[in-house]
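The values are calculated or read from the model by the stated rules, or taken from the named source; none is laboratory data. Being a predicted model, the structure only gives us computed values, none of them experimental. Neighbour counts are summed over all protein chains in view; Cβ atoms, including those assigned to glycine, are modelled from backbone coordinates with ideal geometry. We work out accessible area using only protein heavy atoms, side chains counted, and drop any ligands, DNA or RNA first. Shrake-Rupley method; radii C 1.70, N 1.55, O 1.52, S 1.80 Å.
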Amino acid sequence: MIHWQVIIPLVVFLVLIFGIGIWANRQVMQSNSFLQEYFLGGREMGGFLLAMTMMATYGSAGSFIGGPGVAYNTGLGWVLLAMAQLPAGYFVLMILGKKFAIIARKYQAITLIDFLRERYQSKTVVIVSAVSIILFLFASMAAQWIGGARLIESLTGLNYSAALFIFAGAVLIYVIIGGFRAVALTDAVQGSVMVIGTIILLVATVIAGGGISNIMSDLVAENPNLVSPYGADRSLTPLYVSTFWILIGIGVIGLPQIAVRAMSYKNSKGMHSAIIIGTIALATVMFGMHLIGVLARPVLPGVEIGDKVMPLLTLKVLPPYLAGIVLAAPMAAIMSTVNALLILVSSTVVKDIYLNYIKPTASDAQIKKASFYVTTVIGIAVVLVALRPPDLLIWLNLFAFGGLESVFLWPVIFGLYWKTGNKYGAIASMIIGITSYIYIDQIMPSVLGMHTVTLPIILSLVAFVVVSLLTKDKVNTGK
Amino acid sequence: MNDKRFKIAHREAIIGVILVIINFSIWFGFAYGMGSGDPSSYTYVLGFPAWFFYSCIAGTIFMVILIVFVIKFLFTEVPFDDDEESEHK
């Protein structure tokens, strides 16, 4: 059952993405500051690019495949939960904002870790940061890779391994040759595809269901809790929902793949328009996709595997050529997340480890070679892991989210806004954040009904403040 | 480090925090304020349950308008490079 009319728009989409990669490669080759160009796109992003790359990096397989599937089974409560992500569109840029952009330029920082190293002057901070970025983002890359391969598998009927190689091959090539600029430019295309695909599918689903009122009464007839904020089984308590807000709404500041974008834009005008465009795009995608999941229930009853709701629904309510465009959206979401993670992990290895500690005297040619080489090796390693995938895609994803947030949130925020904050505070905060997160996740995932990430974030905050104050006199010698 | 641009940056970060608190209050307040009753006795707006309409649809549109307003009237453009700054003052 190969739907050629569906596949053709997907192929056109891939070709376009490749073209961008090749074009960006020319820029990389011509640039006289290879590192800044390859890992940061030369700090030249304008408003639209910045908005789209933030939104597309943030919106992942979870938003297009996993999320609608959960919404299908949970009801409007899950859309409510998804809307907690709205602040991600404006909060990060407003909080990190101009100060981060100015200081990053002052420090000539290319990675988030560059900023932390300059700010805290500590090797331990760098190592802990690098290790957590590599571990967590490797895991979430694998999860996204798996999502992408599953999607191709279900659309084309190819087996999983073949689908994985096609998907991985497509992404790896343009990221390796084009660097951050290719990532940001393709994100703009992918982000637009995500927004357009969401709108088309939402409209088609509402029509197929006979209008909103009709769909809502079908849902009430099945189970009134589907239209309540508590979810189908009433498990979404106000406390859980409000603490979930911390994880997916405001904790996003602690995600390195998002934070690094907050130092890659050209000027404050770009940042201003990015906040507006980004918020609108993010709101459209998050609201639209999750609502689609709920509306799908009466339109397409009895889907057992949540991840299949979105692809099956698309094929049912849309003519094939439109289905192809809409199904390019999750593909775009996955690619745009993976490409950001890949370039970030690569920059961590090359810039923060290789150049800092292994070979500080590397020549430009050596750096170039190392960058291409490292990006390739990491990309291939993720594919190998994804060949025998662990099962829980969303869990892996959220684990990485929460883990990174508990490590980076406070060192980044206090690094910018609190002078007394020092390296001891940062190290304590990072280590307590991560160990308590893993511990709580393993032992008692929802302490007192709160989301797992809540306590680690509070604990790492306390650790940062207390330790910084206690060691206040120790670090005065530095400055 | 007492850059005059940082004053602007700090002010805007505080605005960000205020916005996020407003955002949370609308989102959470309408959802559990209006939605905690018995689901079969909900009132509906444009086909959606009222809590959902106000919390997720009207609330989101309100936030977007508020953000546009804040950016246009309260945010200031500043140069990012140090040398540009030194030319100004």
TODO: Just need a number here: residues in the stretch A:168-189 that are within 24 Å of A:V6 (Cα to Cα) and either in a loop (DSSP other than H, G, I, E, B) or touching a residue at least 24 places away in the same chain (Cβ under 8 Å) (or both).
DONE: 10
Open item on the list: If I filter the stretch B:49-63 down to residues being in contact with a Phe, Trp or Tyr (Cβ under 9 Å, 6 or more places away or on another chain) and surrounded by fewer than 20 Cβ atoms within 10 Å (Cβ to Cβ), which single residue comes out as nearest to the other protein chains (Cβ to nearest Cβ)?
Closed with: B:I57
- [ ] Run A:L201 past the list (1) surrounded by 16 or more Cβ atoms within 10 Å (Cβ to Cβ); (2) at pLDDT below 90 and report the number of the one that doesn't hold.
- [x] (2)
- [ ] Determine whether the stretch A:20-39 contains at least one residue that is of a type outside the set (K, R), open to solvent by less than 20 Å² (accessible area, probe 1.4 Å) and not in a helix (DSSP H, G or I).
- [x] no
TODO: Filter the stretch B:36-48 down to residues that are farther than 19 Å from A:S235 by Cα and out of contact with any Pro (no Cβ under 8 Å at 6 or more places or on another chain) and give me whichever is most open to solvent (accessible area, probe 1.4 Å).
DONE: B:L46
Task: Lone unmet requirement of (1) modelled with pLDDT of 85 or more; (2) in a helix (DSSP H, G or I); (3) open to solvent by 60 Å² or more (accessible area, probe 1.4 Å) for A:I394 - done: (1)
- [ ] Give the number of residues within the stretch A:185-198 that are touching a Leu at 6+ places or on another chain (Cβ under 8 Å) and either within 17 Å of A:P330 (Cα to Cα) or surrounded by fewer than 18 Cβ atoms within 10 Å (Cβ to Cβ) (or both).
- [x] 4
Open item on the list: With the requirement that a residue be more than 25 Å from the chain's Cα centre (by Cα) and either open to solvent by less than 50 Å² (accessible area, probe 1.4 Å) or without any contact (Cβ under 8 Å) to a residue 12 or more places away in the chain (or both), what does the stretch A:358-379 give you?
Closed with: A:I358, A:K359, A:P360, A:T361, A:A362, A:S363, A:A365, A:Q366, A:I367, A:K369, A:A370
Task: Hey, A:K106 within 11 Å of chain B (Cβ to nearest Cβ), of a type in the set (D, E, K, R), closer than 30 Å to B:H10 by Cα and open to solvent by less than 10 Å² (accessible area, probe 1.4 Å) or not - done: no
Task: Enumeration of residues in the stretch A:191-230 that are among the hydroxyl-bearing types (S, T, Y) and within 14 Å of B:S41 (Cα to Cα) - done: A:S217, A:S228
- [ ] Tell me which residues, restricted to the stretch A:36-77, are modelled with pLDDT of 90 or more and within 11 Å of another protein chain (Cβ to nearest Cβ).
- [x] A:G75, A:L76, A:G77
TODO: Give the residue that is farthest from A:M430 (Cα to Cα), with candidates limited to residues of the stretch A:241-269 that are in contact with a Phe, Trp or Tyr (Cβ under 7 Å, 6 or more places away or on another chain) and open to solvent by 10 Å² or more (accessible area, probe 1.4 Å).
DONE: A:N267
TODO: For A:L219, indicate whether it is more than 19 Å from the chain's Cα centre (by Cα) and part of a loop (DSSP other than H, G, I, E, B).
DONE: no
TODO: Being under 15 Å from A:A170 (Cβ atoms) and among the β-branched types (V, I, T) is the filter; apply it to the stretch A:313-345 and report the residue that is nearest to the chain's Cα centre (by Cα).
DONE: A:T337
Task: A:K351 being in a helix (DSSP H, G or I) and in contact with an Asp or Glu (Cβ under 9 Å, 6 or more places away or on another chain) - done: yes
- [ ] Among the residues of the stretch A:276-310, write down those that are open to solvent by less than 10 Å² (accessible area, probe 1.4 Å) and more than 30 Å from B:V20 (Cα to Cα).
- [x] A:A296, A:V309, A:M310
Task: Output for the stretch A:458-474, where each listed residue is open to solvent by less than 50 Å² (accessible area, probe 1.4 Å) and out of contact with any Ser or Thr (no Cβ under 6 Å at 6 or more places or on another chain) - done: A:V465, A:V467, A:T471
- [ ] Could you list, in sequence order, all residues of the stretch A:205-237 that are of a type in the set (G, A, S) and either at pLDDT 95 or above or open to solvent by 40 Å² or more (accessible area, probe 1.4 Å) (or both)?
- [x] A:A208, A:G210, A:S213, A:S217, A:A221, A:S235
Task: When residues of the stretch B:33-48 are limited to those that are in a helix (DSSP H, G or I) and facing another protein chain (nearest Cβ under 7 Å), the one farthest from A:R119 (Cα to Cα) - done: B:S40
Task: Selection within the stretch A:260-318 - hydroxyl-bearing (S, T, Y) and outside any helix (DSSP H, G or I) - done: A:S264, A:Y265
TODO: Could you tell me whether the stretch B:9-32 includes any residue that is within 8 Å of chain A (Cβ to nearest Cβ), at positive phi and either modelled with pLDDT of 90 or more or in contact with a Gly (Cβ under 8 Å, 6 or more places away or on another chain) (or both)?
DONE: no
TODO: Could you tell me whether the stretch A:373-396 includes any residue that is farther than 23 Å from A:A61 by Cα, away from chain B (no Cβ under 14 Å) and not β-branched (V, I, T)?
DONE: yes
